[in-house]
Amino acid sequence: KEGNLSEALEVYQAGFAIAERLAIADPCNTEFQRDLSISHEMVGNVLSAQGNMAGAQEAYQACLVIRDRLASFDPSNAQWQRDLRRAHAKLSKLALDAMGYFGSEKRDGEPTGLERFKDHRTRLVSDSGGTQATPSDRESI
């Protein structure tokens, strides 16, 4: 069913269990390690959508540990570097969400979190000479 977070979590956890078994059985297999990091990220995404920020943080942190190890192992691997950036972005967004940064309520005439984000994004694009974020950059925000 589309939109059923509990069902999605069950499916991702089942996939996670398989990825974890493979990664444990062959810890030197970087493909299995990356797959496990993706499983951590997917579980974290669902937990975040359910409002379980502590669980999401734990999953994203586990993802980050694996991706940091892979990126350190081969700094020339662009995919692993992008994966590491994405893991950092997930944890950062979670922290910003916890602070209400993306909130929509005005407080004492202050801009909303979304307004602050849009203003910040506009300044970044202006400062970079008009370079727009790529679709994968936008997806991780």
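The values are calculated or read from the model by the stated rules, or taken from the named source; none is laboratory data. What you see is a predicted model; the values in this text were computed from it and never measured. Cβ coordinates were reconstructed from backbone atoms using ideal geometry, including for glycine residues, and neighbour counts include every protein chain displayed. All accessible areas refer to the heavy atoms of the entire protein, side chains included, with ligands and DNA or RNA removed. Shrake-Rupley method; radii C 1.70, N 1.55, O 1.52, S 1.80 Å.
So here's what we get for this one:
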item: Segment 71-91, residues that are assigned to a helix (DSSP H, G or I) and either of a type in the set (S, T, N, Q) or open to solvent by 40 Å² or more (accessible area, probe 1.4 Å) (or both); result: 72, 73, 78, 79, 81, 82, 85, 86, 88
item: Of all residues making up segment 39-59, the number that are touching a His at 6+ places or on another chain (Cβ under 7 Å) and in contact (Cβ under 8 Å) with a residue 40 or more places away in the chain; result: 0
item: Selection count, segment 60-96, where residues are hydroxyl-bearing (Ser, Thr, Tyr), farther than 21 Å from residue 45 by Cα and touching a residue at least 24 places away in the same chain (Cβ under 8 Å); result: 0
item: Residue among 35, 68 that alone is surrounded by fewer than 18 Cβ atoms within 10 Å (Cβ to Cβ) and acidic (Asp, Glu); result: 68
